[in-house]
Amino acid sequence: MQKADDLQSFKNIYEKVFPVIFRIAYRITGDMDIAEDLCQEAFLRYYDKATPLASIDEVKYWLIRVVKNLAYNHEKRKGREKSAYEKLSRLPQRSPESGENLFIKKEIRENVQKALNRLPYKLRITLVMREYGGLSYKEIAKILKISEGNVKVRVFRAREILGNIMKEGDYVP
Amino acid sequence: MCPDDRRLSAYFDGEIPEALQQSVVQHIEECSLCSGKLKHLTEIRRELKEAPEPNLEDSMDRVWRKIQSKKAEKEVSNFWNRKIYIPVPVASAAIFLFLVLAISFIILLNKEGENDVAEVPIQEEVINVNVKNLEELLEYLNSQDTVVEVTIRLPEEHIFHLAGEPRLLRAVDYKGK
């Protein structure tokens, strides 16, 4: 039984769960300072939580959910959410690989985070949980409170859009 | 027949039922289009994984320190904001006692205030000054760099002399003399 009010227990949880929470927070926001702030807030909320959670996995899901909500609020505040679908429809058709395209692809690789930031929030959070959190569709579904089928669709759509952004070199650093 | 892209993406994640897995694997081996799509998915994953990220250890330490600091702040804040339940009779008695003490203190202060003029012991000192007249005495006193209360004691065997003849003068004419 994990106790939120026990400092040692809290530290153990922190050390085990922080890497995945931080990685997810960082990939959702694309900003280290913001990711740290979100993690700090999430762990403090867990520490203040009256009812401790049954297992380390439950704690992890709970913290990811908090970080996800905090990140969403942050996203709304910044007004960064964009319609990637609309942007995608304006992209030019794929052209044969040229030297310029290869250069752009290299640049994109260095700026994958920025490309990731262009995904709609719902798709980004799902893909980030899958790719950086290493969570299964079932776990993602539990955290997001959606069906596994919905997770499958979101992951697919996220990859499709991201793949197109990367291929077309539409990304502007 | 090619599996749809969603199923291929799920297969890529190891998220399709075992019963279907073998047939998908077999199909991919035979279908260049699907193996190309799978390669594309692998490329996307590789690029995502290769994207640089901040030093995890540093962030972990920084956030832990911030959490500790915030926790300490909250604990102090909770101490001062905690609720204390006092029974009504005890609270009434405490207020009454406080008022009595406050009034007593004020009365005591007022009494002490009546005698608040400090008594300075008077030191008398007899100084003999050899002067001929009042002007010389005033000059002597002005030359002393101090403020003292001075009692001028005239000689016990004093003799007053008349100076000049008595005259009647108007107040206007006497002025200045």
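Data overview
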| item | result |
| --- | --- |
| Test for A:GLU107: is it open to solvent by 30 Å² or more (accessible area, probe 1.4 Å), at pLDDT 90 or above and in a helix (DSSP H, G or I) | no |
| Checklist (1) within 24 Å of A:TYR137 (Cβ to Cβ); (2) within 7 Å of chain A (Cβ to nearest Cβ) applied to B:ARG62, failing item | (1) |
| Residue match in the range A:50-70 (condition: open to solvent by 60 Å² or more (accessible area, probe 1.4 Å), modelled with pLDDT of 90 or more and farther than 19 Å from A:LEU7 by Cα) | yes |
| Residue that is farthest from the chain's Cα centre (by Cα) [pool: residues in the range A:42-53 that are part of a helix (DSSP H, G or I) and either farther than 14 Å from A:ARG65 by Cα or within 8 Å of chain B (Cβ to nearest Cβ) (or both)] | A:ASP48 |
| Single residue of the range A:29-41 satisfying the filter (farther than 18 Å from A:LYS122 by Cβ, within 10 Å of chain B (Cβ to nearest Cβ) and of a type in the set (A, V, I, L, M, F, W, C)) that is most open to solvent (accessible area, probe 1.4 Å) | A:MET32 |
| Any hit, the range B:64-85, residues being β-branched (Val, Ile, Thr) and in a helix (DSSP H, G or I) | yes |
| Of all residues making up the range B:1-58, the number that are among the hydrophobic types (A, V, I, L, M, F, W, C), at the interface with chain A (Cβ under 8 Å from one of its Cβ atoms) and free of Cβ contacts under 8 Å to residues at least 12 places away in the same chain | 5 |
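One line per residue, one yes/no per condition, for (1) modelled with pLDDT of 90 or more; (2) closer than 25 Å to A:VAL151 by Cβ; (3) surrounded by 11 or more Cβ atoms within 10 Å (Cβ to Cβ):
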| position | (1), (2), (3) |
| --- | --- |
| B:PRO3 | no, yes, yes |
| B:ALA10 | yes, yes, yes |
| B:THR42 | yes, yes, yes |
| B:ARG45 | yes, yes, yes |
| B:LEU48 | no, yes, yes |
| B:LYS66 | yes, no, yes |
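The values are calculated or read from the model by the stated rules, or taken from the named source; none is laboratory data. Owing to the predicted nature of the structure, the values given are computational and were not obtained by experimental measurement. Please note: Cβ atoms are built from the backbone with ideal geometry, for glycine as well, and neighbour counts cover all protein chains shown. What goes into the accessible areas is simple: the full protein's heavy atoms, side chains included, and nothing from ligands, DNA or RNA. Shrake-Rupley method; radii C 1.70, N 1.55, O 1.52, S 1.80 Å.
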